[in-house]
């Protein structure tokens with residue numbers, strides 16, 4: 001928690017110094033590991049800290065793992081347990097990257113722009129490179145970003161008997177969305 005507050009304070013102070021940086025503490029990440037047999041492994045976290053640097057295209061997200069909310073409390077317990085994400089040992093996940101085609105996005109003109117994103121995703125203490133596409137939506141002074149991608153749980157050493165592709169998807173879909181005002 002102290003680390004999140006420090007990062008938030010750093011982002012806010014940077015926002016004051018550089019008007020090109022925007023931040024929010026209410027971005028959303030959804031985790032969808034549902035399968036045809038089980039619709040319960042789906043969660044949402046609406047308290048994600050995010051920042052975007054308009055000039056360079058730098059983008060970052062940080063999510064507290066215990067803030068993911070499942071409809072089934074038992075699934076939430078499993079998600080945070082030592083057998084899964086071990087949220088006590090690895091309390092946050094982060095993404096630090098860049099919109100590589102930022103020069104094609106006009107942050108001063110309303111519209112929806114395709115975004116190519118690359119960076120490092122850290123989950124369960126393991127960092128892996130991620131490349132995906134998304135959208136940047138400019139509406140007045142509001143900027144929204146959204147991206148979807150999948151991860152392989154085994155790449156992040158997340159293993160469990162339930163992760164067999166039948167009850168829980170081996171490659172869950174992650175959706176990241178943030179509104180910067």
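The values are calculated or read from the model by the stated rules, or taken from the named source; none is laboratory data. This is a predicted model, so every value here is computed, not measured. A quick note on method: Cβ atoms are made from the backbone with ideal geometry, for glycine too, and the neighbour counts reach across all protein chains shown.
Which one of these does residue 20 not meet: (1) over 18 Å from residue 153 (Cα atoms); (2) touching a residue at least 60 places away in the same chain (Cβ under 8 Å)? Only one criterion in (1) over 18 Å from residue 153 (Cα atoms); (2) touching a residue at least 60 places away in the same chain (Cβ under 8 Å) is unmet by residue 20, namely (2).
Residues in the range 56-76 that are farther than 11 Å from residue 98 by Cα and either in a strand (DSSP E or B) or modelled with pLDDT under 95 (or both): 61, 62, 63, 64, 69, 70, 71, 72, 73, 74, 75, 76. In the range 152-181, the residue that is modelled with the highest pLDDT out of those that are outside any strand (DSSP E or B) and closer than 22 Å to residue 47 by Cα is 172.
When each of 145, 64, 136 is tested for being surrounded by 13 or more Cβ atoms within 10 Å (Cβ to Cβ) and over 20 Å from residue 45 (Cβ atoms), the lone residue that passes is 136. Does any residue of the range 137-151 turn out to be modelled with pLDDT of 95 or more, under 15 Å from the mean Cα position of the chain (by Cα) and in a loop (DSSP other than H, G, I, E, B)? Yes: one or more hits. Residues in the range 25-51 that are part of a strand (DSSP E or B) and without any contact (Cβ under 8 Å) to a residue 60 or more places away in the chain: 9 in all. Hey, does the range 69-88 have a residue that's in contact with a strand residue (DSSP E or B) (Cβ under 6 Å, 6 or more places away or on another chain), over 21 Å from residue 172 (Cβ atoms) and without any contact (Cβ under 8 Å) to a residue 60 or more places away in the chain? No, the range 69-88 contains no residue that is in contact with a strand residue (DSSP E or B) (Cβ under 6 Å, 6 or more places away or on another chain), over 21 Å from residue 172 (Cβ atoms) and without any contact (Cβ under 8 Å) to a residue 60 or more places away in the chain. Looking at the range 163-179, can you tell me whether even one residue there is under 19 Å from the mean Cα position of the chain (by Cα), surrounded by 13 or more Cβ atoms within 10 Å (Cβ to Cβ) and farther than 14 Å from residue 31 by Cα? Looking for residues that are under 19 Å from the mean Cα position of the chain (by Cα), surrounded by 13 or more Cβ atoms within 10 Å (Cβ to Cβ) and farther than 14 Å from residue 31 by Cα, one finds at least one in the range 163-179, hence yes. In the set (1) over 14 Å from the mean Cα position of the chain (by Cα); (2) in a strand (DSSP E or B); (3) surrounded by fewer than 17 Cβ atoms within 10 Å (Cβ to Cβ), the condition left unmet by residue 103 is number (2). Just one of the listed residues (79, 95, 90) is within 15 Å of residue 31 (Cβ to Cβ) and assigned to a loop (DSSP other than H, G, I, E, B), and it is 90. Residues in the range 107-122 include at least one that is surrounded by 15 or more Cβ atoms within 10 Å (Cβ to Cβ), touching a residue at least 40 places away in the same chain (Cβ under 8 Å) and part of a loop (DSSP other than H, G, I, E, B).
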